[in-house]
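Here's the structure we're looking at; comments come further down.
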Amino acid sequence: MKPFQYLRARTVEEATTLYADHPGARYLGGGTNLVDLMKQGVETPGTLVDVSRLPLGEVRELPDGSVRIGAMVRNSDLAAHPLVRERYPVLSQALLAGASGQLRNAATTGGNLLQRTRCPYFQDLSKPCNKRAPGSGCGAREGVHRDHAILGHSSQCIATHPSDMAVALAALDAQVELHGRQGERTVAADAFHRLPGDRPDQDTEIAPGELVTGVLLPPAPAGLPSAYRKARDRASYAFALASAAVVLSVEDARIRYVRIAFGGVAHRPWRARRAEEALLGGAADDAAFSRALRAELAAAEPLRDNAFKVPLVRNLAHDVLTRLAAAAPRH
Amino acid sequence: MPDIVATSSALGTPAERREGPDKVTGTARYAAEHHPEGRAYAWPVPATVARGTLTDIDDKHTRAVPGVVTVLTHLNAPRLAESDDATLAVLQNSRVPHRGWYVALVVADTLEAAREGAEALRLTYAEEPHEVTLRGDSPDAYVPEDSDGTSGEHVRGEPDTVHASAPVHIDATYRVPPLHNHPMEPHAATAEWQDGRLVVHDSSQGATKVRDVLAELFDLPGDRVTVTSEHVGGGFGAKGTPRPHVVLAAMAARVTARPVTLVLPRGDLPAVVGHRSPTVQRLRLAADPDGILLSVIHEVTSHTSRIKEFVETAAAATRVMYASPHSRTTHRVLPLDVPSPSWMRAPGEAPGMYALESAMDELAVALGIDPIELRLRNDTGTEPDSSRPFSSRNLAACLREGARRFGWAGRDPRPRARTEGPTLIGTGVAAATYPANVSPSRASVHAAADGIFTVRVNATDIGTGARTVLAQIAADTLGVPVERVRIDIGSSDLPDAPLAGGSSGTASWGWAVHEASTQLAARLAELEGDSLPAEGVEAVADTEGTADADSAYARHAFGAHFAEVGVDTVTGEIRVRRLLGVYAVGRVLNPRTARSQFIGGMTMGLGMALTEGSTLDPAFGDFVERDLAAYHVPVQADIPAVEAHWIDEDDPHLNPMGSKGIGEIGIVGTAAAIGNAVHHATGARLRELPLTPDRVLGCL
């Protein structure tokens, strides 16, 4: 592991300045992923700018009913927060489905969004990986790829994004708040992560030096029925084979509001927009769910060994839709 | 053979582990936690080709790292004497027999510098084509020599002819993937040369063997080498014999003339400390309509490396289990460019009984006979292959007691008969067996004038409670309270003893401790009330010729495993709801530590069934799942109600304590019980482990 300089930022402005002044710097939050990658030699920052003590540790309700989550709020605190549990259960459930208790205590909201894929070829310096070393090739495509993408992958990269939280944020139409030297901006959570295309080294739309300062949960889905479901190889501490986050509102037997996002199947949380369009305004029944999910998954391109993910993610989403619909008030 | 004296009070009680407080307070020191003055740290460098030759070493960047002391490669490492174990011939030549083989070692003042130096090393290889994929029908597989009755091929009668003409047949092939021991404490050693003496703290299951091998490799008399293994954080067979780390640490210490600590990185373990070979197992059972077995054919293919033959003796238990007039049990080994496999908890029995007990369940289903009843009908008092009577065999009692405790009676045998919403519920059973092994050992017991008795034996406590049970044995034999017994174990300077392995530690060490204690008690009785001499009185024992004497009996432990599973039809996820084991293991010497061993084995069996397994990457030749995030050992949430029970078994043909080993039988058959429960739940017979959603979902 390469020697590095450690600096601690006291303000957001100081953090972005320190980053700009130290080429090859990385922001350090909980360190649950970055430090591992440094040990493996995958990340070799010259400087770590510790942002974990920035005043971004609060969950607050704003006057318009939206909820702002500071980027340094720990995953365990966010999952347990009453505002999140009451209004955005899908987010609380997704967080609790991720990692282990110890990791959730350390991991931050911003860091969770920026974690890297757990593709074993990405993590192994002795193997080719276009994400880690652009142009070196992809070891996974013809190799061991049961856990890899079925949607939106490219000839360059078949990795998945590992976050559970980000899948819920995509379904909640959350906004990611960024602070850079050019000022502040927000990006839709759903557009924050990228598809690999021919630049698999770029996981997100974040610009160099920009810092995630927070996540904004909009008022629209607040209080609507929502849920997250994840399938995995063991009961805890395993990444999703596939997952589904759903927000669903049914009135007078018609779907008034629906958001669906898949996890574990693509390079980013996969918003199932075709399924949402097919469902909106229609009946909340089995046939409609099946039709909508089939339409969404028509785009799936499974690899040699991961075709099981197509029925798996379909079943997960169908199950969550069904349960949410069943819980809707009848008129 | 003497019985335990009638005043027995310690054996059979749930004594707590003596070193428990040291471990939970962090004062117990493990191999890497010894801090000799001037200690240096080593970091190993694994090969990144699966087969070839190291052609160039550029270490200038490594040597430029501040703190790096030296870089060892085959060009400058000390020459080792020949050893039986080719995996220990590290840094002796430029050949790379598999990916992950160590080709260099960087030694530095700090762990960080050693690691940075290792990453800076530039190595060039002449790469050769490699093959790492196990195929059951490969013509390159051969039948290995049968040195101890557990390997090779055994044939009784005319199994193929009988199979072909029998009224009921099962012909099924089962696959078990590579499995990894992954003890919590990785392999580690701290080595130091003191005036020509080699002193090593090693994380090992048997320091006597490590001492002997180091003496051989470094061409030293045995009394110039001391190996201690005071506390060991698990091994599961992977620390049963010396592994490359201890040789590398000793080499580095010699070259640098400093103490050196080497802790293997977790991700290196799969390639350098052994693994359970994958197996392809074809089972053919033939029976009459009443379920009486007529012919049993068990053919096993496993892989081994190019440098060492290791046979996963998966058909060995089939030679023990059921009466059958005709039988063939065959092992075949396929050498590949893979890391060397080795022992992992119940080597042979664990994968073999998965296959046999799955096939028995298939036969029960085919015949419409209850699977417990089928096993009872094929029970036997004599070992089928050897025709020797069993010293004791209480398989039937375990099955019956397990059935009673589990609530087996009234089970609807039809698949998919029980559901809870989208969850299919099923129950399954499987038998277990493991040999009652024992080896010769030495031990001494000393009586001091102050009333303290000290037992000395180079036993190893790998977390099982060896100290505790040896104190119980000595206390009862001497007729003194256990508090007056001190235990000295874990050093090769103590009387020689075999390793903690093969479920034989307690039997082997305990026999010698019992014998020394018996002698000491007799000599103390001769004193007739006279006070002890100032230096005390000591008795020594060596069970060579006694413990390893041929027995007229086949000596094995038996057991039965029961599982209830829920299979989620939405996801294909299988979760065990209940796991229950009943064992017949002679006399249980300490119910607290015994229970821990049983449920630990069952948990490992659950992992084998549902979560554990790695993949050899055909293109790169290495195991892909190498850390504990990717190699899925069961977590707490996977372990539901898990119960271990045992029946009273009085067997006079074992050791003086009347015990059989208990460290491994818990993993044997557990995977089959779970797989059989999955069949009962779903109606699908899945014959390749682990039963992860990708394999299950399509069958629902």
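The values are calculated or read from the model by the stated rules, or taken from the named source; none is laboratory data. These numbers come from a predicted model, not from an experiment. Neighbour counts run over all protein chains shown; Cβ positions are idealised from the backbone, glycine included. The accessibility values were calculated without ligands, DNA or RNA, using every heavy atom of the protein model including side chains. Shrake-Rupley method; radii C 1.70, N 1.55, O 1.52, S 1.80 Å.
When you restrict to C-alpha pairs under 8 Å that are six or more residues apart and normalise by the size of chain B, the relative contact order lands at 17 percent. Within 10 Å of the Cβ of each residue in B:321-330, the mean number of Cβ atoms contributed by other protein chains is 0. Ranking A:VAL250, B:LEU217, B:ALA81 by Cα position along the charge dipole of the protein assembly as shown, where only Lys, Arg, Asp and Glu carry charges on their C-beta atoms, puts A:VAL250 farthest toward the positive end. Per residue of B:567-578, other chain Cβ atoms within 10 Å of the residue Cβ number 4 on average. The orientation-averaged projection of the convex hull spanning the C-alpha atoms of the stretch B:504-572 amounts to 10.8 square nanometres. Here, P(r) means the percent of Cα pairs in each 10 Å bin from 0 to the largest distance; for the stretch A:1-73 it is 20, 41, 26, 10, 2. Gyration tensor over the Cα atoms of chain A: the corresponding equivalent ellipsoid has semi-axes (square roots of 5 times the eigenvalues, largest first) of 32, 25, 16 Å. Beta-bridge orientation, chain B: approximately 75 percent antiparallel, per DSSP, counting only bridges with both partners inside. Ligands, DNA and RNA left out, the 1.4 Å accessible surface of the protein assembly as shown is 49% carbon and sulfur atoms.
Which number comes out as Rg/Rh for the stretch A:226-327 once both Rg and the Kirkwood Rh are worked out on C-alpha atoms? Numbers along the way, then the final one.
On the way: Rg = 13.3 Å, Rh = 13.7 Å.
Rounded to two decimals, Rg/Rh equals 0.97.
Per-residue surface analysis assigns A:ASP252 an accessible area of about 110 Å², computed on protein heavy atoms at 1.4 Å probe radius. Compute the distance from the alpha-carbon center of the stretch B:646-700 to that of the stretch A:264-318, in whole Å. Taking the Cα centre of each part, the stretch B:646-700 and the stretch A:264-318 sit 38 Å apart.
Each of the peptides B:306-318, B:665-677 was scored by the mean count of other Cβ atoms within 10 Å over its residues; in descending order, highest first, they stand as B:665-677, B:306-318. In a simple Cβ point-charge model (Lys, Arg +1; Asp, Glu -1; nothing else charged), the stretch B:384-532 has a dipole of about 1140 debye relative to its Cα centre.
Rounded to the nearest 5, the antiparallel percentage of DSSP beta bridges internal to the protein assembly as shown is 80%. Estimated from the Cβ-Cβ distance and a Förster radius of 60 angstrom, the FRET efficiency linking A:GLU277 and B:ARG405 is about 0.60.
Here r is the Cβ-Cβ distance between B:ARG377 and B:ALA86 and R0 is 51 Å; the resulting FRET efficiency, rounded to 0.05, is 0.65.
The alpha-carbon atoms of the stretch B:595-700, seen along their principal axes, cover 54, 35, 26 angstrom, with the largest extent given first. Using Stokes-Einstein with the Kirkwood hydrodynamic radius over Cα pairs, what translational diffusion coefficient do you get for the stretch A:203-268 at 25 °C and a viscosity of 0.890 mPa s, in µm²/s rounded to a whole number? The diffusion coefficient I find is 166 µm²/s.
Using the alpha-carbon positions of the stretch B:210-325, Rg (one decimal) and Dmax (whole number) come out as 21.5, 73 Å.
B:ARG592 to B:ASP450: FRET efficiency via 1/(1 + (r/R0)^6), r the Cβ-Cβ distance, R0 30 Å, to the nearest 0.05?
On the way: r = 29 Å, r/R0 = 0.97.
About 0.55, to the nearest 0.05.
How large is the direction-averaged shadow of the alpha-carbon convex hull of the stretch A:181-220, in nm²?
Numbers: hull surface 14.6 nm².
Mean shadow area of the hull around the Cα atoms is 3.7 nm².
Principal-axis analysis of the Cα atoms of chain A puts helix A:286-297 at an angle of about 30° to the longest axis.
Annotation: for a label point projected 7 angstrom from Cα along Cα→Cβ of B:THR27, residues of the stretch B:228-257 with backbone N closer than 18 Å are B:230-232. Scan around B:VAL103 for amide H atoms under 5 Å from its own, H built in the peptide plane at 1.01 Å from N, and keep only partners 5 or more places away or cross-chain. Placed amide hydrogens put B:VAL45, B:ALA47 under 5 Å from B:VAL103. With each label modelled as a point 7 angstrom along the Cα→C-beta vector, the A:ASP285-A:GLU251 pair spans 2.2 nm. Rg and Dmax over the alpha-carbon atoms of the protein assembly as shown stand at 30.6, 100 Å.
In whole Å, what three semi-axes, largest first, describe the equivalent ellipsoid of the stretch B:402-464 built from its Cα gyration tensor (square root of 5 times each eigenvalue)?
On the way: eigenvalues 551, 45, 31 Å².
In descending order the semi-axes read 52, 15, 13 Å.
Per residue, the stretch A:5-50 exposes an accessible area of 44 Å² to a 1.4 Å probe, with every protein chain left in place. The B and A chains share an interface that buries close to 2600 Å² of accessible area, total over both sides, probe 1.4 Å.
Across the options B:SER441, B:ALA104, B:ALA541, the greatest Cα extent toward the positive end of the charge dipole of chain B (unit charges at beta carbon of Lys, Arg, Asp, Glu) belongs to B:ALA104.
Largest first and in whole Å, the equivalent-ellipsoid semi-axes of chain B read 40, 35, 22, each the square root of five times a Cα gyration tensor eigenvalue. Modelled this way, with points 7 Å down the Cα-to-C-beta line, the labels at B:THR173 and A:GLU205 are 5.1 nm from one another. Taking 1.567 mPa s as the viscosity and 4 °C as the temperature, the Stokes-Einstein diffusion coefficient of the stretch B:285-406 based on its alpha-carbon Kirkwood radius rounds to 82 µm²/s. Global size of the stretch B:578-635: 16.1, 51 Å for Rg and Dmax (C-alpha atoms, Rg to one decimal, Dmax whole).
Per-residue ellipticity at 222 nm for the protein assembly as shown, helices alone: DSSP H runs ≥ 4 residues times -39500 (n - 2.57), over residue total, nearest 500 deg cm²/dmol? All intermediate terms of the calculation are to be shown ahead of the outcome.
On the way: 27 runs with 262 residues, N = 1031.
Computed mean residue ellipticity for the protein assembly as shown: -7500 deg cm²/dmol.
In chain A, the longest principal axis of the Cα atoms and the axis of helix A:309-327 are about 60 degrees apart.
Separation of the stretch A:91-115 from the stretch B:155-179 is 50 Å, based on Cα centroids. In the context of the full set of protein chains, the stretch A:226-327 has a per residue accessible area of 37 Å² (1.4 Å probe).
Using +1 on the beta carbon of Lys and Arg, -1 on that of Asp and Glu, and nothing else charged, what's the dipole of the stretch B:515-630 about the Cα centre, debye to 20?
On the way: 9 positive and 18 negative charges, 182 e Å.
So the magnitude is around 880 debye.
Across peptide B:693-699, the average count of Cβ atoms from other chains found within 10 Å of a residue's Cβ is 5.
3J(HN,Hα) along the stretch A:170-181: 5, 6, 9, 6, 5, 10, 9, 9, 10, 10, x, 5 Hz, from the Karplus curve 6.51 cos²θ - 1.76 cosθ + 1.60 with θ = phi - 60°, whole Hz, x for Gly and Pro.
Between B:ARG575 and B:SER147, what is 0.36 nm times their sequence separation minus the Cα-Cα distance? Round to one decimal in nm. Could the numbers behind the result be given before it?
Working: separation 428, 0.36 × 428 = 154.08 nm, distance 4.05 nm.
Roughly 150.0 nm would be gained on extension.
Peptides B:96-108, A:53-65 ranked from most to least packed give B:96-108, A:53-65, packing being the mean of other C-beta atoms within 10 angstrom over each peptide's residues. In a simple Cβ point-charge model (Lys, Arg +1; Asp, Glu -1; nothing else charged), the protein assembly as shown has a dipole of about 3140 debye relative to its Cα centre.
Between the listed residues B:THR603, A:THR11, A:ALA149, the Cα displaced farthest toward the positive end of the dipole of the protein assembly as shown, a dipole computed from Cβ unit charges relative to the Cα centre, is found at A:THR11.
A protection proxy built from the mean count of other Cβ atoms within 10 Å ranks the segments A:254-261, B:166-173, B:234-241, most packed first, as B:234-241, A:254-261, B:166-173.
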